[in-house]
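The structure appears right after this line, and notes come after that.
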Amino acid sequence: MSPEPPQSGEARPIGTAGRAAKRAIDLLIAVPALIVSGPVMLAIAAAIRLESPGPALFRQERLGLHGRAF
């Protein structure tokens, strides 16, 4: 008995070539996006730092189980 083809909506495993192609597409999109958005994010962080007395990235101590800080 041969295995049934996947039904609509079911995931099919992809092979090595498919994984390599997905990785290449991911990198072709992500690297230029980071190159373009990186200077913009740095400029925003610098503007925040110049305009407010605190750090550019907000940090807050949180309480976890039994009131322990993390």
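The values are calculated or read from the model by the stated rules, or taken from the named source; none is laboratory data. From a predicted model like this one, the values you see are computed outputs, not experimental measurements. Glycine gets a Cβ as well: all are built from the backbone with ideal geometry, and neighbour counts include every protein chain shown. In case anyone asks, the SASA skips ligands and DNA or RNA and just uses the protein heavy atoms, side chains included. Shrake-Rupley method; radii C 1.70, N 1.55, O 1.52, S 1.80 Å.
Within the range 41-53, the set of residues being open to solvent by 80 Å² or more (accessible area, probe 1.4 Å) and either assigned to a helix (DSSP H, G or I) or in contact (Cβ under 8 Å) with a residue 60 or more places away in the chain (or both) comprises 41, 42, 44, 49, 50, 51.
Rundown of residues vs (1) without any contact (Cβ under 8 Å) to a residue 24 or more places away in the chain; (2) small (Gly, Ala, Ser); (3) outside any loop (DSSP other than H, G, I, E, B); (4) open to solvent by less than 100 Å² (accessible area, probe 1.4 Å), yes/no style:
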{"site": "22", "(1), (2), (3), (4)": "yes, no, yes, no"}
{"site": "35", "(1), (2), (3), (4)": "yes, no, yes, no"}
{"site": "39", "(1), (2), (3), (4)": "yes, no, yes, yes"}
{"site": "55", "(1), (2), (3), (4)": "yes, no, no, yes"}
